[in-house]
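Structure first, commentary second.
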Amino acid sequence: MKKLFITALLGAAVMAGSVRVNAADTEKKPKVFPADFGPSTIDVSGFPKDLQPAYPLFQNKCAQCHTLSRPVNSAYAGDDWRLYVNQMRHKPGSGINKRNADKIIAFLQYWSANRVALGWKAPVVSKTLLAAAEAAGSATAVSESAGKGEAGASATPHADSAVSATPSTGSGKTDGGKK
Ligand code: HEC
């Protein structure tokens, strides 16, 4: 009996340990995506009239947990958007209903099919820059130095650039903004 008790105790201790490890895992800094370094706005003046009203909707719904840069500059197209928008919709607290998701999907499908023609350029992101952003917890924290058109070349952020970089205009809420 005593042996059993000790075994149970040991088991509990191991479990407590693993719980702690898991908690530490979830406390990790949020993931940073290369797309986060690109522009966070879209000029919709060249969009079909019926898609333009989806832009403010997209801005409201899709910048709650990360900046709009992530969807604006992602390499997804066509049906990918159905997959990812629905994935986002099902995240706790997204506040995105099916009807709005469908509007955003159509909007992003048009954008990804036409954005190069509309003047969009893919952000150039080096591994060093990405690593610095992941250490800092967001792309905005280091994107000031990257935003000068030298992102790829001079991807050695100075120690102080991550500190002094103020988030660029209107990039929306930061990662804490989720309701
Ligand atoms: C409730 C929080 C939340 C909302 C709202 C949200 N996202 Fe996300 N998004 C995340 C998180 C967290 C990730 C990181 C990857 C993951 O956990 O799926 C992410 C990742 C992404 C990615 C990258 C996915 C990949 O794996 O490459 C895209 C693209 C994206 N979001 C687009 C959107 C769009 C479009 C909307 C609006 C329809 C949206 N997000 C709304 C939380 C959110």
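Where a number appears in this text, it was derived from the coordinates with a stated rule and is not lab data. Since we're looking at a predicted model, the values are computed, not measured. Ideal geometry is used to build each Cβ from the backbone, glycine not excepted, and the neighbour counts take in all protein chains shown.
Annotations for the structure displayed:
- Net charge of the neighbourhood of R115, taken over other residues with C-beta under 11 Å away and scored Lys/Arg +1, Asp/Glu -1, is 0.
- Separation of the N86 and Q52 label points, Cα + 7 Å toward Cβ, nm: 3.1
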